[in-house]
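Each value in this text was obtained by applying a stated rule to the coordinates, not by laboratory testing. In this text the structure is predicted, and so the values were computed from the model without any measurement. A quick note on method: Cβ atoms are made from the backbone with ideal geometry, for glycine too, and the neighbour counts reach across all protein chains shown.
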Amino acid sequence: MKQKIFTVATVLFALMFINGGLNKFFNYIPVPPDMPAELVKVNTALMQIGWLMPLIAVVELIGGVLLLIPKFRALGAIIIFPIMIGILLIHATVAVSGLPLAIILAGILVWILWENRTKYLNLIG
């Protein structure tokens, strides 16, 4: 049962990042009208750096796809990790209303990392 829950959580987590990456390229999710002004400033600044948003999108897409493939799940989790840190920091400082969801997503990522911890031993040893 734990494995099924883990698989479902991982797939949903991966799909959220794939969706986020695709949205950065195709802009199919409208910007909420009540978006905090500070978050608008942050997003505008990120878009001013022409190469940064496409890079984030590609990282989200690659990480999300790798998370869907059990053999490469550990690599996908490592790739998504810095993006997740950025999401947590943005929601902890600028858009606090999204913090509960960001914490849940971070928890799922920590769970994925924990389940693949033996694969990371060669990195530190």
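Suppose only helical runs count, i.e. DSSP H with n ≥ 4. What mean residue ellipticity at 222 nm does that imply for the chain under -39500 (n - 2.57) per run, divided by all residues and rounded to the nearest 500 deg cm²/dmol?
So the calculated ellipticity at 222 nm is -25500 deg cm²/dmol.
Report the label-to-label distance for Leu55 and Lys119 in nanometres (one decimal), using points 7 Å from each Cα along the Cα→Cβ vector.
A separation of 2.5 nm, rounded to one decimal place.
Any idea how far the Cα center of the stretch 24-67 sits from the one of the stretch 80-104, in Å?
13
So what is the relative contact order for the chain, in percent, with contacts set as C-alpha pairs under 8 Å and at least six apart?
Relative contact order here is 28 percent.
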